[in-house]
Amino acid sequence: MLLLLNTYPLLVSEDLVFRAKETTLPNSVSVMVYSLSGLERLDEENVAAAMAVVEETGLSRILVTDSAGKVLYDTRETGSAVGEYAVYTEIVQALLGNDVFTCRYQNRAFRSRASSPVLYQNQIIGAVYAYEYDTEQAALLEGLQGNLMRLSIFIGVVVLGLSVLLSRALTRKIGQLLTAIRQVREGAYSHRANIRGRDEIAQIGQEFNSLTDRLQTTENARRRFVSDASHELKTPLAAIRLLTDSILQTDNIDPATTREFVADIGQEAERLSRITEDLLRLTRLDSGVLETPVVVDVLPVLEQAMRMMSLVAQEKNVDLTYEAAGSCTVLATKDEIHQVIYNLVDNAVKYSAAGGSVQVSLRRKEEQVVLSVADNGSGIPEADIPKIFERFYRVDKARSRAAGGTGLGLSIVRDTVQKRGGSVEAANRLAGGAVFTVRWPWRSQGGGGA
Ligand code: ADP
């Protein structure tokens, strides 16, 4: 842009001066040719006399030659060419009958030359040559050039200054963002990018912060999970160690006690395998790799689970009943549904007192398949209801352990159901006891539905 600013106006102005000269100089030459016309032949006297009448032209030099090119008149006093033969191309061209005009801008001056033949009865009897050396217009042009140059320098400096300031502000913000990214990468999840302003970089900073928030939450959950899981695994392992040590270190231990201890070891091992199974199940759910779902009728799965659980319920003297209505088909896998029913009914029986009752109901409600498992046990303290679906959360740790719980059953239920677009909630019944309600989106047998 600056280059254009520095060349284009100058070229246009130069062209304008050329055009002006192209009319004025040949005009002056015509006036002189006119004053010489009427002379039969040209000699020094009659030319001098004729030229004396021509008004002051302001030209640098005027030459008049005869038809052979010999100079008869020269305005230059020192170094006058009168009597010599002029060999300027312009004069040669004029003597051949052409009107000539040339103009050049050189060394801070416009140098214009024009020449024309002088005729007498269509015979070329001589030539007039004029030369103008104009520094005035050139000075104007140079002034313009200088101003444009100063303007360009000013614009250049301002633009440069602004770009430096802007890029500094930009790189400073990017630098802050980079520092924050590196800190978080190194594990400082509590670090936040503090970028002020409302521009895109500040927005990226905010997005980065909310991303880091989520990362921190996930990371905290992961750490808690790992520490809880190792703690859960440690307890049965410690019990096994204790039992084996007792057997090994007791002299003359009687076979009945040994059997008792070994049975306990077996129980703890069973607990360990339950925990690891549950952990594996959760890890699979976390990984997001799911089995391809199919349309499953929940009722047969429920019936099968009820048959299985009735033995456990009978053992605990708990009355287990179920009822079902409507076509209850959902998009999932049989194993998932079995797992959900099993975990909920298992809890209901586990946390019911002897002589209690557990009622399971399955029905379709509009576009949902609703499964509810209600018991008349101790219920859940209201404050704990939102937390019982968390991993390893138990209202009463000792009771859960004693009942063979892992603290993972409800997390598995929630994750399994949510992965298929459903939901699960817990509540206390007015009559006492807890009720768990699972909702799956209904899917018609043919694959349509909600
Ligand atoms: P657990 O293996 O301990 O049963 P869950 O995840 O299945 O683990 O359940 C979490 C906690 O929720 C239990 O420890 C228990 O305190 C509470 N809970 C679950 N089901 C019931 C229920 N039917 N009645 C009362 N409390 C329940």
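Quick note: the coordinates plus some simple rules give every number you see, no bench work behind them. Here the structure is a predicted model, which is why all the values come from computation and not from measurement. Positions of Cβ are generated from backbone atoms using ideal geometry, with glycine treated the same way; all protein chains shown enter the neighbour counts.
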Loop trypsin sites (Lys or Arg not before Pro), the range 187-244 (other Cβ atoms within 10 Å of the site Cβ: 16 or fewer; DSSP): Arg196, Arg198
Those lysines that a straight Cα-Cα span of less than 22 Å connects to Lys419, excepting residues fewer than 8 apart in one chain: Lys334, Lys365, Lys387
Ranked Thr212, Thr416, criterion: other C-beta atoms within 10 Å, fewest first: Thr212, Thr416
Residues whose placed amide H lies under 5 Å from that of Cys328, excluding near-sequence neighbours: Val298, Leu299
Proximal aspartates and glutamates relative to Lys173, as straight alpha-carbon distance under 15 Å, when same-chain residues fewer than 8 apart are discounted: Asp199, Glu200, Glu207
The range 292-441 - share of DSSP beta bridges that are antiparallel (%, nearest 5): 80
Whole-Å distance, taken between Cα centres, linking the range 94-160 and the range 30-76: 23
For the chain, with +1 on Lys and Arg beta carbons and -1 on Asp and Glu, the positive-most of Val373, Leu2, Ser37 along the dipole: Val373
Mean ellipticity per residue at 222 nm, deg cm²/dmol - from DSSP H runs of n ≥ 4 across the chain, formula -39500 (n - 2.57): -18500 deg cm²/dmol
Set of lysines with alpha-carbon distance to Lys316 below 22 Å, sequence-local pairs under 8 removed: Lys350, Lys397
Spacing of the two label points (7 Å from each Cα toward its C-beta) at Glu207 and Ala68, in nm: 9.4
Extended-chain gain in nm, criterion 0.36 nm per residue less alpha-carbon gap, Arg182 and Thr276: 30.2 nm
Cβ-derived FRET efficiency at R0 41 Å, Ser152 paired with Gln121, nearest 0.05: 0.10
Exposed-loop-free span, longest in the chain, where GluC sites (Glu not before Pro) count as exposed if DSSP calls them loop and at most 14 other C-beta atoms lie within 10 Å: 187-290
Likely footprinting exposure, Asp245, Asp199, fewest C-beta neighbours within 10 Å first: Asp245, Asp199
Footprinting exposure proxy for Leu25, Leu311, Leu279 (fewest neighbouring C-beta atoms within 10 Å first): Leu311, Leu279, Leu25
Unit charges on C-beta of K, R, D, E only; dipole of the range 2-134, Debye: 440
Gap separating the Cα centres of the range 291-307 and the range 372-420, nearest whole Å: 22
Model label zone, Arg223; criterion: amide N under 19 Å from point 7 Å along Cα-to-beta-carbon; scope the range 141-181: 181
